[in-house]
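Some notes on the structure that comes next.
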Amino acid sequence: MTLQIKKIAFIGTGIMGAPIAGHILDAGYDVTVYNRTREKAEGLLAKGAHWADSPAEAAADADVVFTMVGYPTDVEDVYLATDGLIRTAKKGAWLIDLTTSSPQLARDIHDAAEVEDKHAFDCPVTGGEQGAVDGTLTLIMGISEQEAAPVLPVLETFSAKRFFFDVPGGGQTAKLCNQVSLASCMVGYADAIALAEQSGIDVERVLEVMASGTGGSGASKTLAPKSLAGDYKPGFMAEHLRKDIALALQRSEDLDITLPGAETAFTLFDMLCQIGGSRMGTQALTLLYQEEATCAAAGLDWSLLDQGEDDDHECHCGHDHAADHECCGGHHHDHGDDHECHCHHHDH
Ligand code: NAP
């Protein structure tokens, strides 16, 4: 049975969610939005979106519900809480998570939705803020093309490419592969800039050399110029890349493999976040190679490094921890007895 898709709910209208929801609205769908901070949805409301006071209210009569929140814990709340989407969305609805989140959580949500006669799949994106604004994102989907057919017209309103990984969680796993490669590319260009600067040669020309050979990357092409210009506005926040690397490292532990590039990148991005750069763009990584005064001028404070480890441990998975804290890159259920923290940055 094909569902006539008219009503869309969109939860999470931040850097990525707001422009994506804007494209869906522009395509003529009836869009209801909810965001934790209402003011970030004002632009969409001015364009004709409706406001809802909760995810449940937004989803009540929606044919398709999109979520684009920050962390796996946010995803878990929105879907699996007692008033979450799994219970409150209508039967037959499609629940599509665009957040970069945990593959296991995506499987849990898929299975829980199936029991309730709803369709849920993971659909993380790549292409950055610019891709979201331009409506040219790449979608990385944990579903087959055939199964996703009913919702493809909506997805096409904000994407240029779609990859199907066929199984629940497959999209998130593929996205994490992309993120570990991205993280190492960023460390690569940050190293190159430091070496060029300290050697006293023309850094911009070095970036041109990299771009014309195989030493360059998408990251060095789009982000290195921002690093050099001292433009640290996000884009893509450092704390979100740290979350992604933590999720990949968690997965690598499950698989009993080592990802040395990701380990190094985690150490560096974690350091950046600890000293005040968590909500800067990822390109602020290059500040770690600079003099302390330059870092201070950009708003970083090295004295914060390693503070708060004892009493006030933060694992950066994006949720407040109670006494029974289990850190896990933001996915805090279903751990066995031997669960260890996977935030990879210190002893707890
Ligand atoms: P963002 O600007 O922080 O957007 C997330 C939005 O979700 C925020 O507006 C936040 O509310 C809202 N939110 C969080 N929890 C919520 C909840 N329980 N209920 C309702 N709203 C909630 O981050 P972003 O850059 O758009 O990134 C979103 C996700 O996409 C992340 O997982 C990120 O890793 C991924 N991603 C980002 C990029 C990029 O280039 N930015 C690219 C690809 C993927 P508040 O406004 O109150 O904070």
Rounded to the nearest 500 deg cm²/dmol, what is the calculated helix-only ellipticity per residue at 222 nm for the chain, with -39500 (n - 2.57) per DSSP H run of length n ≥ 4? -12500 deg cm²/dmol
For Lys91, list the lysines whose Cα falls under 30 Å from its own Cα; do not include residues on the same chain fewer than 8 positions away. Lys6, Lys7, Lys40, Lys47, Lys118, Lys161, Lys175
Between His50 and Ala229, what FRET efficiency follows from the Cβ-Cβ distance if R0 is 51 Å, with the result rounded to 0.05? 0.80
So for segment 1-44, using the alpha carbon gyration tensor with a ≥ b ≥ c as root eigenvalues (a/c under 1.5 gives rounded; past that, a/b versus b/c decides prolate or oblate), I'd call it prolate
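If you place +1 on the Cβ of every Lys and Arg, -1 on the Cβ of every Asp and Glu, and leave all else neutral, what size is the dipole of segment 11-96 about its Cα centre, to the nearest 20 Debye?
Once rounded to the nearest 20, the dipole reads 80 debye.
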Rank the residues Cys273, Cys185, Cys177 as a footprinting-exposure proxy: fewest other Cβ atoms within 10 Å of their Cβ go first. Cys177, Cys185, Cys273
At q = 0.15 Å⁻¹, what base-10 log of I(q)/I(0) does the Debye formula yield for segment 129-202 when every alpha carbon is treated as an equal point scatterer in vacuo? -0.65
Output the antiparallel fraction of DSSP beta bridges having both residues in the chain, as a percent to the nearest 5. 10 percent
Length gained if Asp301 through Leu80 is fully extended, taking 0.36 nm per residue and subtracting the Cα-Cα distance, is 75.8 nm
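Multiplying the sequence separation of Asp117 and Ala293 by 0.36 nm and subtracting their Cα-Cα distance, what value in nm do you get?
That pair, Asp117 and Ala293, stretches by 57.6 nm at full extension.
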Reference-scaled alpha-carbon Rg (2.2 N^0.38 Å with N residues) for the chain: 1.01
What angle, in degrees between 0 and 90 and rounded to the nearest 10, separates the Cα long axis of helix 203-212 from the longest principal axis of the Cα atoms of the chain? 50 degrees
Could you size up the charge dipole of the chain around its Cα centre, putting +1 on the beta carbon of Lys and Arg and -1 on that of Asp and Glu, and report it in debye to the nearest 20? 1760 debye
Rounded if a/c is under 1.5, else prolate if a/b beats b/c, else oblate: with a ≥ b ≥ c from the C-alpha gyration tensor eigenvalues square-rooted, which is segment 33-155? rounded
Neighbour-count order for Thr100, Thr267, fewest beta carbons within 10 angstrom listed first: Thr267, Thr100
Backbone HN-Hα couplings from phi across segment 184-193 [Karplus 6.51/-1.76/1.60, Hz, Gly and Pro as x]: 5, 4, 5, 5, x, 6, 5, 4, 4, 4
Arrange Leu98, Leu288 by Cβ neighbour counts within 10 Å, fewest through most, would you? Leu288, Leu98
For Ala93, enumerate residues with amide H under 5 Å from its amide H, sequence gap 5+ or separate chain, H modeled in the peptide plane. His119
Using a Förster radius of 41 Å, what is the FRET efficiency between Lys221 and Arg38 based on their Cβ-Cβ separation? Nearest 0.05, please. 0.70
With an 8 Å cut-off on Cα pairs and a minimum separation of 6 or more residues, tell me the relative contact order of the chain in percent. 13 percent
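Readers should treat all values here as calculations from the given coordinates under stated rules, not as data from a laboratory. This is a predicted model, so every value here is computed, not measured. Neighbour counts are summed over all protein chains in view; Cβ atoms, including those assigned to glycine, are modelled from backbone coordinates with ideal geometry.
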